[in-house]
Amino acid sequence: MIAGCLALLGVLYLERGALLENFTWLYFIQHAGTFVVLAIAFGRTLGRGAEPMCTRLHRVVHGSLTDDVARYTRQVTLAWTAFFVALCLISAGLFMLTPLAIWSLFANLLTPILVAAMFGAEYLVRLRVLPEFEHVGMLDSVRSIWAASSASAASGDSR
């Protein structure tokens, strides 16, 4: 991993002139690349025998889960995967086909709004689909996940 990073830094150094001439591409790669990585991270947990990402997060926050919740968290993982793919495709389309100012508006202003809207929409759907479920606030969820990841790191679990 270190050798790969050093090789990448070497290539970036050798190609610094081209990078300076095309600096906006770095912003695009950062923006679209983030959503590609998120789509892959969520999407690969949807494979046969894998535990969907949102199911895993649910287990960390709530412990056990019912069949209804397991089905719902799988669907939510699929929805987030599709959302990340859509953001990446929209970003690429706007970057390639519109003036930079329009892509920049999307990347810097609309993307955070869309992500917040997705969280809000998912929450409203969850209230409707799982009305009897104990709903936990965002901060409590983050605290639970943080505590679990800290405990996992302390125990040497590298998953």
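Taking the condition of being closer than 17 Å to GLY33 by Cα, hydrophobic (A, V, I, L, M, F, W, C) and surrounded by 14 or more Cβ atoms within 10 Å (Cβ to Cβ), how many residues in region 90-109 meet it?
Within region 90-109, residues that are closer than 17 Å to GLY33 by Cα, hydrophobic (A, V, I, L, M, F, W, C) and surrounded by 14 or more Cβ atoms within 10 Å (Cβ to Cβ) number 7.
Enumerate the helices (runs of 4 or more DSSP H) found wholly within region 10-118, keeping only those where 1 or more residues are in contact (Cβ under 8 Å) with a residue 40 or more places away in the chain, more than 23 Å from LEU139 (Cα to Cα) and under 12 Å from the mean Cα position of the chain (by Cα).
Output list reads 23-43, 67-97.
Read-outs throughout are calculated quantities, based only on the coordinates presented, and are distinct from any laboratory measurement. Here the structure is a predicted model, which is why all the values come from computation and not from measurement. Positions of Cβ are generated from backbone atoms using ideal geometry, with glycine treated the same way; all protein chains shown enter the neighbour counts.
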